[in-house]
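The structure appears below as structure tokens.
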2 protein chains.
Amino acid sequence: MNPDIQRERKNASFDVEKLTHILDGGPEKTRRRREIELLVINDPDFQHEDLNFLSRSERYDRAVKKSAQMIQKLREYNIADPEEIYCYKSCVHCGRPEPLDLHLGMFLPTLLNQATPEQMDRFFMPAWNLEIIGTYAQTEIGHGTHLRGLETTATYDPATQEFVLNSPTISSIKWWPGGLGKTSNHAIVLAQLHSQGRCHGLHAFIVPIRSMSTHEPLPGITVGDIGPKFGFDEVDNGYLKLKNVRIPRENMLMKYAKVEPDGSYVKPPSAKLTYGTMVFIRSMIVGQSARTLAKACIIAIRYSTVRHQSEIRPGEPEPQILDYQTQQYKLFPLLATAYAFHFVGQYMNNTYHRITGDISQGDFSELPELHALSAGLKAFTTWTASSGIEACRMSCGGHGYSRSSALPDIYVTFTPTCTYEGENTVMMLQTARYLLKSYRQVQAGQRLNGIVSYLNDAEQQRVQARPVSARPTVVNINDLASLVEVYKLRAAKLVELAAKSIQQELQRRKSQEDAWNNSAIDLVRASDAHCHYVVVKLFLAKLGEIGDTAVHSVLSTLALLYALHGIAQNSGDFLQAALLTVPQVLQATVRLKELLSQLRPNAVALVDAFDYRDQMLNSSLGRYDGNVYEHMFDWARSSPLNCTEVHESYHKYLKPLQSKL
Amino acid sequence: MNPDIQRERKNASFDVEKLTHILDGGPEKTRRRREIELLVINDPDFQHEDLNFLSRSERYDRAVKKSAQMIQKLREYNIADPEEIYCYKSCVHCGRPEPLDLHLGMFLPTLLNQATPEQMDRFFMPAWNLEIIGTYAQTEIGHGTHLRGLETTATYDPATQEFVLNSPTISSIKWWPGGLGKTSNHAIVLAQLHSQGRCHGLHAFIVPIRSMSTHEPLPGITVGDIGPKFGFDEVDNGYLKLKNVRIPRENMLMKYAKVEPDGSYVKPPSAKLTYGTMVFIRSMIVGQSARTLAKACIIAIRYSTVRHQSEIRPGEPEPQILDYQTQQYKLFPLLATAYAFHFVGQYMNNTYHRITGDISQGDFSELPELHALSAGLKAFTTWTASSGIEACRMSCGGHGYSRSSALPDIYVTFTPTCTYEGENTVMMLQTARYLLKSYRQVQAGQRLNGIVSYLNDAEQQRVQARPVSARPTVVNINDLASLVEVYKLRAAKLVELAAKSIQQELQRRKSQEDAWNNSAIDLVRASDAHCHYVVVKLFLAKLGEIGDTAVHSVLSTLALLYALHGIAQNSGDFLQAALLTVPQVLQATVRLKELLSQLRPNAVALVDAFDYRDQMLNSSLGRYDGNVYEHMFDWARSSPLNCTEVHESYHKYLKPLQSKL
């Protein structure tokens, strides 16, 4: 154990294990998580070479191998709880996506939700036993978020009682679905349904794409891998081009909508039935943002305690780089953010499960709010975590660029969350739509409930029309509850600003749609402020649940840091809305610096509490024992370019050149 | 040609070619640049496979091949002007670093600067003819920016008149030098010189590391590649461990410092002799920030005109995504930034060359200012460009993650500039040191010249001690000159704030060094504001040089956008310092939106003016003809995972599993 990091741990003011329990949701959950992790870590089948040294084809190969073993072992161990499956799977693949993700996460669930009993018989058990391996083919090369724009067609032929599927244009080629390129032999294809000369919009069809015996593509199918990406080396994201591919009528998923043998179309009873899954996945991503940012913080903070560099006082030994205020300022707000997002993730997960209960009893009332919240928070947390990972990486100096640090890999694995499951800007605008609708309801005299109820008060404030220079209500910079109020008023103000912008556009005779587009910057800003408020509010709420004094104390410091850092970063908003005075903003930045010093002795303990094993971090810089350089040197020596002392390019190009010049 | 992008070009209000000349520095420079580019593009030796499809070892191999050919051809074509060499080289390697970079950019120049005539005879011509291939080994695994911390030792042995070199610890292993791992047979090693029982600090030694005949490592040398990184696949960044490696006394670079045969040490006459090169390289990086951000903007903006998505008005065709205000807000400020940085790069380059003239005449007076400016601007521009590239990438939705977009590669190739040649935070603090020194000079009654002369006025302002709420001097939001003034006052205010923070720390009896460290956040903020001011100021200055009315008009819009965007992003600073009122900040954001619409018709023409050929961009999304999807599909089909229809992992893992479950 490196003595520097050992000393850090001795200096902690709280019991790390207690904080870990809070993060996991209780001691029993911690115990079970560790048990599952050990199943993987002690399993010789999952001991593997360093993925950084493999080609993409090799990485895909190893991932298929591990996924196949994982399926077997999950059944062997009888692990069936979704959370536990998720834990086991994350451990097997070290948090990376894998070729069977869409089979497990989209193909099987879609069958469960949308297949008829006959289709369940035909498809579900073969898919459960991996005879059928499926994916979910929705996006096309020219069409992403806007589903109505999809061009793939499924035209019903009553003569043969078949659907004929086609990709009529280049832009209609299915593109991106995970597992489509090489792994799957079936795909649920989203296509525009045409029957009896009419288009009935998007529906889902089960399309066999590869032979069940040879795995070769079937006639009319052009399928393959979309090529190398920024990360995601393990996944065969694929393309699929359909040319007059015929499938039986019974391969349309017909639990809700139907096409009768004669081609007549029967509408689904409701269009909102997949709504919940989307909300669930986005809520999950919030938690994933927290965990991923936590990983980056662990690596950067541990390394910053063993790395010595430069000098603060001349002649003295080089200090730990975590002693530099600039380094603390880079990392501690991100650490606070990781904690904040973790608690938001817990809230979203709990709320989703609570509401699911209500929904099953026919009460949909809370779904719109959660939908709006999950969209905005998905965007807010993934953007923050994505740039935060890079900030952590850069705080490690040169070694952050080495793949042995794991930071490059963490970034490329995580950053796609900003785009998939709803592009972030589109997500922010969805939340804004909800906020504006709520704002108009207040203007129309309604009173709001739930998380947007602050718009009720905002309306009152607006009516009073206080001058800009008026002194704001007394804000206590040291009191989190007081800061939550300030964040709330900021959100209200920015929602109002966006509403006014739309109003002004309308007054200039712009259409409703153009007015919206011409106010989009303000709308995104309003959503951002709303999400920020929710995060601060939920952090405060979490503090109320914590009994242990020492843990409560350190988390309170983190929460205050999070809130004050947000104020420093967005001081213009708070000043503009006259929510804070100039002296208060100055005071906030001074207090911020004090909080950095205050957190310094607990930094390593706070990252230790996330309880990521070395085997899962896989980072030479983030090692628990702090023995960074020894490990980096060993890693480098075993890398592929060092398998020979002299690279062949020397003999091929350099040696011959020397005689020529 | 895609009709959308064709229409864009017709809508431009200015002559693209004229703007290209301005960017190049004149029509003759444009002509010559294109001539050199065509030498590479039409050269069959440089036609190559897509690098995205190759393993790292293959990429290194191709890079060595191209570098070797490049050296031959540069001599053939008689290209000797450094700028022209840089242009040819960038074109051969598409802007990527390559294995001979340090041989050409550090080894040869260091010999020229620090070798004795005898050493020049022995080393320079062999190095010129690539018999000796050298690198520059400075950083160690445990030591980066802080050179005094380096641990490698060179101990003089008068008995044999040799130096004995050692890496005494793991943390002293040389780490990161480009070309060290596999390519070089010599290294200039920076080591602590010990002689006659005393340490004389860091000196440079020429150390043979591999056999000139077999290229095998020499006795006592452990050398190799440091393993895969975030990008830089073409470069063999290396490690070097020295164990009692003996070199003749004459291998110490002795133009200035010397060790006599008996071991007595002769000091160098001045320590400032490598100062200029460092300033030059940092100035070059500013221009590189501009060019790289420009590339990312070309790709994102062209793609945004051919990509259609969602709907603004229901029922109408999907609009070009560049018609969304949010997309314009993501991309146009970055486009303006690319232009701004380009002009700053030109200024830095001109100033460097002007000052070099003065220096050769013994006038060092302007060097400290340029040194401070190059440090800060290197940090300011690389940080902005680095995050800007990622913003461009994410604005392309899913396809920005495909390596066919080139954006992932552009990012990983560029982001190391934030760390190398001086870690950015350290750079910002260097600039701050200059600013604080200047501030204190004003306080001591001196009057400053040059770019920091605004601190003279600031002092006057401070003396007047105006109340915070006082109305600021009349600012015209539409007048760039007026905004430059505001940026200037912001910088002055933040320098003052940093100085006050140090003052307060000192009053609390902190040491000078701790006071500095405890004010580091404020110091970085002051440097940032200083650099921001310089950029806006230089953009305004550039406008004054432009004669063509149409070009002047569009660049003025860009400049105003750049300045107002900076105000919107940092509105807290301007409000806090009472430089702008709340209504003015609101007005700025409204004006910003108008400028976005105003720039919209010229967006494609503005990126076309950067004049990057498709062969150099190598991006399916950024193609000049806009035929994005056809190209992506072709690219994907030819990628390695598609060389067989059925991947071997199917037979190895999936097929056997099906029978087991």
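The numbers here are math on the coordinates, done by the rules we state, and not lab data. Just so it is clear, the model here is predicted, and its values are computed rather than measured. Positions of Cβ are generated from backbone atoms using ideal geometry, with glycine treated the same way; all protein chains shown enter the neighbour counts.
Take each peptide in B:67-75, A:395-403, count the other Cβ atoms within 10 Å of every residue, and average; sorted highest first, the result is A:395-403, B:67-75.
How far is the Cα center of the stretch A:79-119 from the Cα center of the stretch B:216-236, in Å? Between the Cα centre of the stretch A:79-119 and that of the stretch B:216-236, the gap is 42 Å.
Which of the peptides A:521-534, A:208-221 is most tightly packed, and how do the rest follow, judged by the mean count of other Cβ atoms within 10 Å per residue? Walk me through the numbers on the way to the answer.
Details: A:521-534: 25.0, A:208-221: 15.6.
The densest-packed peptide leads the list: A:521-534, A:208-221.
Sorted on the mean count of surrounding Cβ atoms within 10 Å across their residues, most packed first, peptides B:118-126, A:483-491 read A:483-491, B:118-126. Per the Debye formula with a single identical scatterer at each Cα and no solvent contribution, what log10 I(q)/I(0) holds for the protein assembly as shown at q = 0.04, 0.07 Å⁻¹? Log10 of I(q)/I(0), two decimals: -0.23, -0.75. Taking a straight Cα-Cα cut-off under 24 Å and skipping sequence neighbours fewer than 8 places away in the same chain, the lysines within cross-link reach of B:LYS500 are A:LYS330, A:LYS593, B:LYS437, B:LYS488, B:LYS510.
The DSSP beta bridges internal to the protein assembly as shown are antiparallel in roughly 80% of cases. Plainly put, the tip 7 Å out from Cα toward Cβ on B:GLY362 is 9.9 nm from that tip on each other copy, the closest given first.
Here r is the Cβ-Cβ distance between B:GLN6 and B:GLU648 and R0 is 45 Å; the resulting FRET efficiency, rounded to 0.05, is 0.50.
What does the charge add up to near A:THR292, with Lys and Arg as +1, Asp and Glu as -1, over the other residues with Cβ less than 13 Å from its Cβ?
+2
For the stretch B:419-434, putting each phi into the Karplus relation 6.51 cos²θ - 1.76 cosθ + 1.60 with θ = phi - 60° gives couplings of 10, 7, 6, x, 4, 4, 5, 4, 4, 4, 6, 5, 4, 4, 4, 5 Hz, in residue order, rounded to whole numbers and with x for Gly and Pro. B:THR160 label point (Cα plus 7 Å toward Cβ) to equivalent points in the other copies: 8.5 nm, shortest first.
Quick one: net charge of A:GLU423's neighbours, Cβ under 14 Å, K/R +1, D/E -1? Before the final figure, lay out each step's value.
Working: positive: A:ARG282, A:LYS378, B:ARG307, B:LYS330, B:ARG393; negative: A:GLU421.
Computed value for this residue: +4.
Taking every residue in B:634-645 and counting other chain Cβ atoms within 10 Å of its Cβ, the average works out to 6. Computed over the stretch B:125-217, relative contact order equals 30 percent, with contacts defined as Cα pairs under 8 Å that lie 6+ residues apart.
Each listed q (0.06, 0.08, 0.11 Å⁻¹) maps to a log10 I(q)/I(0) for chain A from the Debye sum over equal C-alpha point scatterers, namely -0.40, -0.70, -1.23.
Once the Cβ-Cβ distance between B:ALA541 and B:GLN503 is put in as r, and R0 is 25 Å, what FRET efficiency do you end up with, to the nearest 0.05?
E between B:ALA541 and B:GLN503, to the nearest 0.05, is 0.15.
Separation of the stretch B:278-301 from the stretch B:594-619 is 16 Å, based on Cα centroids.
Counting only lysines at least 8 places from A:LYS89 when in the same chain, those with an alpha carbon closer than 18 Å to its own are A:LYS29, A:LYS65, A:LYS66, A:LYS73, A:LYS295. Across peptide A:481-492, the mean count of Cβ atoms from other chains lying within 10 Å of each residue's own Cβ comes to 0. Based on C-alpha pairs under 8 angstrom that are at least 6 apart in sequence, the stretch A:291-366 has a relative contact order of 26 percent. The radius of gyration of the Cα set in the stretch A:1-150, together with its Dmax, comes out at 20.3, 65 angstrom.
Only helices enter this figure: runs of n ≥ 4 DSSP H residues, each worth -39500 (n - 2.57), summed and divided by the residues of the protein assembly as shown, yield -17000 deg cm²/dmol at 222 nm to the nearest 500. Peptide A:397-408 has a mean shielding of 6, counted as Cβ atoms of other protein chains within 10 Å of each residue's Cβ. At what distance in angstrom do the alpha carbon centres of the stretch B:161-214 and the stretch A:362-383 lie from each other? Answer, in whole Å: 59.
Across chain B, the mean sequence separation of Cα contacts (distance under 8 Å, 6 or more residues apart), normalised by length, yields a relative contact order of 15 percent.
Label-to-label distances for B:GLY547 across copies, nearest first, come out at 8.3 nm, using points 7 Å from Cα in the beta-carbon direction.
Cα convex hull, the stretch A:463-609: 135 Å³ per residue, rounded to a whole number. Positive contributions from Lys and Arg (+1) and negative ones from Asp and Glu (-1), summed over other residues with Cβ under 13 Å from the Cβ of A:LEU661, come out at +2.
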